[in-house]
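Taking it in order: structure first as structure tokens, then the write-up.
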Amino acid sequence: MLKIKNLHASVEDKAILKGINLEVNPGEVHAIMGPNGSGKSTLASVIAGKEEYEVTNGDILFEDKNIEELAAEERAHKGIFLSFQYPVEIPGVSVTNFMKTAINETRKAKGLEEMPANEMLKLIREKSELLEIDRKFLSRSLNEGFSGGEKKRNEIFQMAMLEPKLAILDETDSGLDIDALRIVANGVNKLKSKDNAVIVITHYQRLLDYIVPDFVHVLHNGRIVKSGTKELAHELEEKGYDWIKQELV
Ligand code: ADP
Ligand code: MG
Ligand code: MG
């Protein structure tokens, strides 16, 4: 599904990614870990096609096609979802209405007609039941006064509605309380299938107690310096990142 080859990327002329190789197949969950500043969010942004980041070398293939020339929006339409790529706060626009618009825009981009209202309602009901999201939440203004857990709930709801092929969840280093962790993990576990893939980016091993990854990669100074299975995450929890840095010397 996703093939990253020798990817180099910079931001404001500063080289951040220095030769990333990564292959993600349908049905897989990959965790990307690594110390602060190692380039995790940059990698997520580059895959999603954020404009500030410049690919200086290498390739990103999605379903065997090079996506380098595609704008973030076009990548989203192809089925790449990056958490928090949507506007932070929109007073007066409900969680549901925002989602309806997003879905219909995606359909329009694919040359499809708007989703019929009854079909939309069915989809909303199905996904909100799956994720145990209550109706009151769906009618709230997007992100307005949302707690950390509610932001996560909204993010996971967006992911559920859009049914991406590849979901990238960049769990920032702060603000993930146990509630929010469970919401994210629960959502990922319920939404994963043999046809989609998830990349979970996290600084902490904690999240991986709930989402069991098939592969764990450690990013350090813009390179994947170690890959393994979930055991690697436990090793990192125990020993921190320093031993990996020492192995590299
Ligand atoms: P991580 O997510 O692993 O903590 P980041 O990808 O956020 O790491 O950052 C990697 C490096 O790139 C850091 O040195 C950071 O300061 C820099 N960086 C990231 N985004 C930007 C940006 N938009 N402008 C300038 N520097 C950036
Ligand atoms: Mg950071
Ligand atoms: Mg980050």
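Since every read-out is calculated from the coordinates, none of them should be taken as a lab result. On a predicted model such as this, the values are computed, not experimentally measured, just so you know. Virtual Cβ from ideal backbone geometry, glycine too; neighbours counted across all protein chains shown.
Worth pointing out:
- Fluctuation leader among Val46, Val88, Val184 - the chain, Gaussian network, Cα springs under 10 angstrom: Val88
- Between the stretch 36-57 and the stretch 172-227, the alpha-carbon center distance in angstrom: 18
- When both bridge partners sit in the chain, DSSP labels roughly 60% of those beta bridges antiparallel.
- Nearest-ten-degree value, helix 178-191 long axis tilted from longest Cα axis of the chain: 80
- Exposed-site-free run, longest, the chain (rule: trypsin sites (Lys or Arg not before Pro); DSSP loop; at most 14 other C-beta within 10 Å): 1-109
- Residue list for the stretch 86-119, given a label point 7 angstrom along the Cα-to-Cβ vector of Asp179 and an amide N cut-off under 14 Å: none
- Greater than 29 Å apart at Cα, pairs in Lys122/Lys151; Lys50/Lys122; Lys18/Lys194: Lys50/Lys122; Lys18/Lys194
- Intensity falloff of the stretch 63-125 expressed as log10 I(q)/I(0), Debye formula with alpha-carbon point scatterers, at q = 0.21, 0.22, 0.25, 0.29 Å⁻¹: -1.00, -1.06, -1.20, -1.31
- Across the chain, the convex hull enclosing all Cα atoms gives 125 Å³ per residue.
- Assuming charge only on the beta carbon of Lys and Arg (+1) and of Asp and Glu (-1), the dipole of the stretch 2-248 about its Cα centre is about 400 debye to the nearest 20.
- Debye log10 I(q)/I(0) for the stretch 37-85, one point scatterer per Cα, at q = 0.14, 0.22 Å⁻¹: -0.31, -0.79
- Inter-label distance, nm, simple model (7 Å from Cα along the C-beta direction), Glu51/Glu132: 4.1
- Were the residues from Ala71 through Glu23 laid out at 0.36 nm apart, the gain over their Cα-Cα distance would be 15.1 nm.
- Cα→Cβ-extended label distance, 7 Å offset, between Ala102 and Met115, nm: 1.1
- Candidates Glu126, Glu12, Glu23: whichever shows maximal mean-square fluctuation once the chain is modelled as a Gaussian network with Cα springs under 10 Å: Glu12
- Only helices enter the 222 nm calculation for the chain: every DSSP H run of n ≥ 4 contributes -39,500 (n - 2.57), and dividing by all residues gives -11500 deg cm²/dmol, rounded to 500.
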